[in-house]
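Shown next, in structure tokens, is the structure this report addresses.
The values are calculated or read from the model by the stated rules, or taken from the named source; none is laboratory data. Predicted model only: the values in this text are computed from it and were never measured. Here Cβ is always computed from backbone atoms with ideal geometry, including for glycine, and neighbour counts include all displayed protein chains. Ligands, DNA and RNA are excluded from the accessible area calculation, which covers all protein heavy atoms including side chains. Shrake-Rupley method; radii C 1.70, N 1.55, O 1.52, S 1.80 Å.
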Amino acid sequence: MEQWERSYEPSLPITEQSNPITVDIDRASPEEIVQMLKKCDAEIFERTVDAVGQKLNNWPIVQTMTDVSKRVEKVLKDPEDSMIILSGCGTSGRVAFLLSTCFNRRLAALHQKQICSYIIAGGDKALLTSQESPEDSASLGALMLEKACTGKKHILFFGISCGLSAPFVAGQLNFCLNKLEIFTPVLIGFNPIYMARTEPMQDCPCHFKELVERMSEMQNQQKAFVLNPVVGPEALSGSSRMKGGSATKILLETILWAGCDAVYSKQAITPDGILASVKIIEKVHKITYSQSEKLAALIQKAGMSLREEGRVCYLGWQSLGIIGIIDGTECSPTFGAAFEDIRGFISNGFSEMKNTEGDLSPLGEEFIIGHEDFVNTVLPSLSTKDMVIFLFTVNDDLNKVSELARCVRQNTTNLHALAHDLQELCIPAFMQSMFTTILTFTWPSSLHEQNTVRMKQHWELSTKWCLNAISTGAHILKGKVYRNYMIDLRVSNSKLYKRALHMLEEFTGSTHIQCNMTLLRAIYGVEVLTDEMISADVIHHTLMAIKKDRVVPTALVMLRSGCTLAEARSRLAARPVIREAVAACLESP
């Protein structure tokens, strides 16, 4: 039995539970943080069988992946009237974007029609900024799906909801189930079916669990599929950008490329082949965390930058640039961070992104993402308290990498790199000397068997694990985490509102009503709530909360100390590390 299966939170879905591995991660050193994250990510590949749910490597999951891969094969054989759509909210939507664009690039290289598309709640703005509210609209999800597939006769739809909870995805699945002559819906998530969300959804005729149960019943006839391996609680409770995002990438890439290889390389789709692909990815995990010492050093540096009110900038090439942008974007809703705290930039900007809505830079500073934009708008103000991390591979234009590195070094020596090379093709020594720290992964050619597509996927996943560790560790060192909870998250949708209430109940022992009233006082910024505030629905509360900083920490201090709203804000200002602020409250007379 796994540690997390003995959790003290059995009523919570596994994706929302606290992972015992990381219970004291807010007091850990950078080296200890890396080891904790390594153990958490290793849970993705656990092979034990138990009553809680199937694991990624268990045969029922592998068989379902095989069946869905054959559906991909079928769609690719009839590209004129067919389509593959990946959809999700937040991290899930960003992974959907990354994989659909990469898959289309592969099809284009094979001179085939690009038939893969993505949907993200909030539109393309959500790729670069937090747009959490649309997650609560089932009707919006259905509307966006209907618009995306107009005129198509056969659609393979992947709805991604890590917690089996997002109304946006529920609306899309319900839409699919009502049109099974056109759609084959596939749900991807990481809870057992019985843990799916049961709360009514405002504009959906059924709750999420009912949808999942219907899909599960249809799986024997292969009219719908549910892929829900249990991969254990997140390193930070509920932070699905980490293990959930990684597992989604592993599942979808394995399925999509198995179907692609079946059509264009004549490789038969078999359960053994699917399982072999997953086992190779497990080796990627081991290679990534073999560099724990240097990864810890980068966490230490990033934490120092954030503590000194500096910035961390990722400068990436090709898909690694997208990984950097995604990691930076997710820090704001996860840690209540400012958008400039950790921020990604990509070579060639939006022309490299290839997002549906094109260049979004006119929308504001948060949507400026190119290297040239970085040089013009960020570089002039860089100092040694700011940290810059280059993300590249031996296959990128190393002359351009070197040129930009020399440019950055004129303003700061706080320059580092995460690079991927091959045993037979290494990063030149003169380049390695340009960086204070260079985290280099040298990959054995046998791992990829000359398959450049697989190689890029592995480099992306390795980079994701590293950047998740760096940004998470840096915010832990800054004091933005309480135990292993994202205490400073933005309460921007109903799921996060519920998560905030659970944390307050867990940490204070107060009643649900007390926690709810105190949370509302912090959201509305008042000592006394009006009847109108109290009676408003959760969606209205979250629309107010989006505009506020440190809502949950403020409510926590109020509940623990019995102080006023103004006093709580003052105490947090004096002690920005949440655990220290709470401890001070308990020590005060």
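Among the residues of segment 327-377, just one is over 23 Å from the mean Cα position of the chain (by Cα) and among the aromatic types (F, W, Y), namely F374. Which residue is most open to solvent (accessible area, probe 1.4 Å), if the candidates are limited to segment 370-423 and must be farther than 21 Å from F350 by Cβ, in a loop (DSSP other than H, G, I, E, B) and charged (D, E, K, R)? That would be K385. Selection of segment 270-284 for residues being within 20 Å of I61 (Cα to Cα) and open to solvent by less than 20 Å² (accessible area, probe 1.4 Å) yields I274, V278, I281.
Based on what the data block shows, is I193 surrounded by fewer than 18 Cβ atoms within 10 Å (Cβ to Cβ), closer than 30 Å to E234 by Cα and of a type in the set (A, V, I, L, M)? It is true that I193 is surrounded by fewer than 18 Cβ atoms within 10 Å (Cβ to Cβ), closer than 30 Å to E234 by Cα and of a type in the set (A, V, I, L, M). Taking helices (runs of 4 or more DSSP H) as the structural unit, those lying wholly within segment 18-136 and holding at least 2 residues that are more than 30 Å from Q219 (Cα to Cα) correspond to 30-42, 91-109.
Starting from residues that are among the polar types (S, T, N, Q) and at pLDDT 90 or above, keep the ones in segment 7-56 and report whichever is most open to solvent (accessible area, probe 1.4 Å).
Checking each candidate, the answer is Q35.
When we screen V72, V68, V62, V95 for residues that are among the hydrophobic types (A, V, I, L, M, F, W, C) and open to solvent by 10 Å² or more (accessible area, probe 1.4 Å), the only hit is V95. Scanning segment 465-487 for residues that are of a type in the set (D, E, K, R) and either surrounded by fewer than 24 Cβ atoms within 10 Å (Cβ to Cβ) or farther than 21 Å from L37 by Cβ (or both), we see that the one that is modelled with the highest pLDDT is K478. Of the residues L164, L252, L227, the single one that is on the phi > 0 side of the Ramachandran plot and under 24 Å from the mean Cα position of the chain (by Cα) is L164.
Identify the residue in segment 551-589 that is assigned to a loop (DSSP other than H, G, I, E, B) and modelled with pLDDT of 85 or more and, among all such residues, is surrounded by the fewest Cβ atoms within 10 Å (Cβ to Cβ). Give the steps one after another, and end with the answer.
Within segment 551-589, the subset assigned to a loop (DSSP other than H, G, I, E, B) is 562-564, 575-577, 588-589.
Then keep just the ones that are modelled with pLDDT of 85 or more; that gives 562-564.
Values: G562: 10, C563: 16, T564: 12.
Ranking the candidates gives G562 first.
Scanning segment 147-157 finds one or more residues that are at pLDDT 95 or above, open to solvent by less than 20 Å² (accessible area, probe 1.4 Å) and farther than 23 Å from K209 by Cβ. Cβ-Cβ distances below 7 Å connect the following pairs, each with a first residue in segment 124-140 that is under 21 Å from L363 (Cα atoms) and hydroxyl-bearing (S, T, Y), a second residue that is open to solvent by 10 Å² or more (accessible area, probe 1.4 Å) and part of a helix (DSSP H, G or I), and a separation of six or more residues or different chains: T129/T329; T129/E366; S130/S332; S130/P333; S133/L543. Taken over segment 490-500, the criterion of being buried (at least 24 other Cβ atoms within 10 Å of the Cβ) and part of a loop (DSSP other than H, G, I, E, B) is satisfied by R490, V491, N493.
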